[in-house]
Structures are given as C-alpha cells and as structure tokens.
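Working notes, beginning with the structure itself.
The values are calculated or read from the model by the stated rules, or taken from the named source; none is laboratory data. What you are looking at is a predicted structure, and each value in this text was computed from that prediction instead of being measured. Neighbour counts are summed over all protein chains in view; Cβ atoms, including those assigned to glycine, are modelled from backbone coordinates with ideal geometry. To get the accessible areas, we keep the full protein, side chains included, count just its heavy atoms, and leave off ligands, DNA and RNA. Shrake-Rupley method; radii C 1.70, N 1.55, O 1.52, S 1.80 Å.
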Amino acid sequence: MLMKNEIVRLVITSGEPAGIGPEISVHAAKKFLQKNTDTQIYLLGDQVLFSPYLDELQNERFQIIHHSLKTKNVPGKLNSINAPYVLEMLDIAYEGCLQGYYDAVVTAPIQKSVINDSGVNFTGHTEYLADKAGNVQVVMMLCGQVSASLSSSSGMMRVALASTHVALKEVSTSITHKDLLGTIKILDRSLTQYFGMKHPKIEVAGLNPHAGESGYLGTEEIEVIAPVIREAQSLGINISGPFSADTMFRLDMLDRVDVFLAMYHDQGLIPLKMACFGQGVNVTLGLPIIRTSVDHGTALELAGRGEANSESMLQALTVAYQMVKNGSSSA
C-alpha cells in the first residue's frame with residue numbers, strides 16, 4: 001500500500017528494440033517527470049538504445065535498468081534473435097511489481113510476429129501477463145480523452161473487450177456465461193478500485209447486427225449475453241444491454257456511460273481509436289499488478305528518425321500513476 005507522500009515508482013519496458021519504443025519511452029518520461037514531482041521512473045532496456053535521446057533527460061528521478069540485447073539492433077529491422085530480450089523485460093518488470101520494487105508497469109509496443117518467429121507462441125501482452133499470473137482471467141480495456149472538436153461533452157471514453165486476440169470465427173464460442181460474467185465483475189471492481197468510481201455504469205454491446213434482432217440475426221444475445229446482464233444486475237452492478245453496436249458508441253453518452261463493453265476486438269477498438277488515436281491507453285484489468293500501455297504498434301518506419309509521437313506513452317504513464325494513487329486510497 002502506497003503511503004501518503006510516498007514516491008510512485010513506475011517501470012517502463014521499452015518494447016521492440018527495432019521500433020519506436022525506446023524513443024517514446026524517454027520522451028514521455030521527460031514530460032511526465034516535469035509534471036509529477038512525486039514519481040520515480042525506471043526504464044528497462046539496453047542503454048545503447050536510449051543514448052540518442054538521453055541528453056534531453058537529466059533527472060535524479062529517472063533511472064535506466066540496463067538489460068542487454070541478444071544481438072546488435074538496427075532501427076526498423078526486426079530480428080527474432082532479440083525476441084527473448086523483449087520477453088525478459090516483461091518478466092523483470094512483472095516480478096519487480098510483485099516484489100514491491102515498482103508500483104506499476106507501463107509497456108512500450110512489441111512486435112507479435114517476431115516473437116512468434118522466434119518459436120514462442122505469443123498473442124500479446126495481455127495474454128502473456130495473464131499466463132504469468134497463473135492463467136487468471138483478465139480484461140483488456142482501452143481509454144482515451146476525446147477531443148472537444150469531436151464532441152460537445154468532451155471526456156474520457158473507455159471500451160473493454162469480452163474477447164481479445166482471437167479469430168473472428170472463434171468469437172461466438174469464446175463468449176461463455178462464466179467468462180462474460182467474470183469480465184463484468186472485473187470491470188465493476190477495477191473501475192471502483194483504480195478509477196475512483198462509486199457505481200460505474202456499464203453498457204454492453206450485442207455480438208450480432210442489431211443485437212441479434214430478437215433472434216433473427218443470431219441467438220447469442222438471447223442465450224448468453226442478456227442472461228449474464230440480468231445476473232450482473234441482480235448482484236447490484238449498474239449495467240444494461242445488449243445494445244446494437246452500430247449505435248452504442250456515442251460520444252454524447254460519455255458523461256453517462258463509464259465503460260462500453262464490446263464482444264470482440266475490432267467492434268470496440270475501431271470506434272475508440274477513431275475518437276482517441278494517439279491519446280489512447282491500453283489497461284489490463286484483473287492482474288495482481290497494474291499494467292498500462294500505448295494504443296499503437298511499433299511503427300518500424302519511424303524508428304531511429306526522431307519523429308515518433310510519444311503522447312500515448314505519456315498518457316499510459318499518467319493512467320498508471322492515477323491507478324496507483326486511487327488504488328492506494330481505496331485500500
């Protein structure tokens with residue numbers, strides 16, 4: 001538990017070395033530390049990757065935790081030999097959080113394909129960390145500040161997913177009563193504990209067009225989704241749906257809905273990234289640690305050019321910091 005006036009310790013894993021992760025990690029750390037004087041940032045990775053940017057970050061509250069690359073890195077050029085290096089950083093950060101050395105981990109983007117090319121079956125940060133935690137159920141939630149130019153009720157948009165990185169043809173069978181109810185419980189508990197909401201409002205999308213059209217366009221809403229919503233309501237959770245996904249994600253509802261729950265990856269993340277891309281944050285809920293990340297990929301084409309936008313990483317640091325603070329005050 002974080003004590004009053006205690007330093008918040010954030011660890012950054014710098015991600016795929018051939019991508020923009022090392023650059024945006026340093027840029028975002030600099031901006032964040034300027035605004036938050038009660039924070040210590042630890043940056044994990046090979047120090048050679050950070051050297052082009054360190055002249056702009058001279059701060060006693062910033063520390064590099066050196067972890068050596070497996071082989072020489074070339075910006076923009078993937079090399080599967082360095083895949084273990086990427087995963088080892090995640091392992092170090094995760095264990096460090098469990099041991100109390102860090103209060104939260106913030107992850108820079110990784111390249112799933114190169115990790116799989118190395119012989120490791122890898123679908124993403126979310127699943128990897130869930131497995132490390134003992135195959136616990138986790139929830140992927142993205143959040144971002146919507147620009148006032150898009151909505152008169154400019155505010156935070158949050159979208160959670162009932163299923164994550166699975167093929168579209170497998171989504172229906174992956175949404176079970178047990179898992180969907182577990183997702184809703186994690187959402188309700190996490191929004192209360194880490195986001196300071198007393199009775200968070202959850203709206204749930206249907207899986208099929210028009211939420212199944214009373215069974216004419218699919219029965220998942222009748223057989224699984226609606227019964228789970230009713231059970232969650234009986235537990236005192238503030239939840240409603242299922243709603244047709246093509247009308248549910250309305251920006252003018254942000255002051256009345258705390259999180260939208262989508263049934264699959266693109267159903268939820270397309271509207272969120274349309275409204276918040278470059279400002280979004282990926283949060284993994286349900287882990288024994290706090291983990292946030294950027295909402296974009298490795299941008300190999302920008303690596304080493306000094307042109308990467310670090311705003312999403314800055315927001316990921318900010319959300320992690322806020323989660324630590326809120327989690328401490330609610331403990």
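In the stretch 1-119, counting only helices (runs of 4 or more DSSP H) that sit wholly within it, the ones holding 1 or more residues that are touching a strand residue (DSSP E or B) at 6+ places or on another chain (Cβ under 9 Å) and open to solvent by 20 Å² or more (accessible area, probe 1.4 Å) span 21-35, 47-50, 83-98.
Every residue, every condition in (1) under 20 Å from S293 (Cα atoms); (2) in contact with a helix residue (DSSP H, G or I) (Cβ under 6 Å, 6 or more places away or on another chain); (3) small (G, A, S), yes or no:
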residue	(1), (2), (3)
I20	yes, yes, no
L33	yes, no, no
N36	yes, no, no
Y42	yes, no, no
Q47	no, no, no
K72	no, no, no
M89	yes, no, no
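Taken over the stretch 306-319, the residue count meeting the criterion of being assigned to a loop (DSSP other than H, G, I, E, B), open to solvent by 20 Å² or more (accessible area, probe 1.4 Å) and in contact (Cβ under 8 Å) with a residue 12 or more places away in the chain is 2.
You will find that of D46, D55, D38, the residue that is closer than 15 Å to R9 by Cα and among the acidic types (D, E) is D38 and no other.
Considering only residues in the stretch 288-305 that are under 16 Å from the mean Cα position of the chain (by Cα) and open to solvent by 20 Å² or more (accessible area, probe 1.4 Å), the one that is farthest from N79 (Cα to Cα) turns out to be P288. Within the stretch 154-165, identify whether any single residue is surrounded by 14 or more Cβ atoms within 10 Å (Cβ to Cβ), in contact with a Phe, Trp or Tyr (Cβ under 9 Å, 6 or more places away or on another chain) and β-branched (V, I, T), and answer yes or no. Scanning the stretch 154-165 turns up at least one residue that is surrounded by 14 or more Cβ atoms within 10 Å (Cβ to Cβ), in contact with a Phe, Trp or Tyr (Cβ under 9 Å, 6 or more places away or on another chain) and β-branched (V, I, T).
Look at the stretch 193-218: where a residue is farther than 25 Å from G327 by Cβ and a partner is open to solvent by less than 30 Å² (accessible area, probe 1.4 Å) and among the charged types (D, E, K, R), sitting 6+ places away or on another chain with Cβ atoms under 7 Å, you get G206/E221; L207/E221; N208/E221; A211/E221; G212/E221. The number of residues in the stretch 124-137 being open to solvent by less than 60 Å² (accessible area, probe 1.4 Å) and either in a strand (DSSP E or B) or without any contact (Cβ under 8 Å) to a residue 60 or more places away in the chain (or both) comes to 4. Scanning the stretch 219-234 for residues that are touching a residue at least 12 places away in the same chain (Cβ under 8 Å) and either part of a loop (DSSP other than H, G, I, E, B) or within 17 Å of I186 (Cβ to Cβ) (or both) yields I225, V228, I229, E231, A232. Scanning the stretch 273-302 for residues that are assigned to a loop (DSSP other than H, G, I, E, B), modelled with pLDDT of 95 or more and charged (D, E, K, R) returns no hits.
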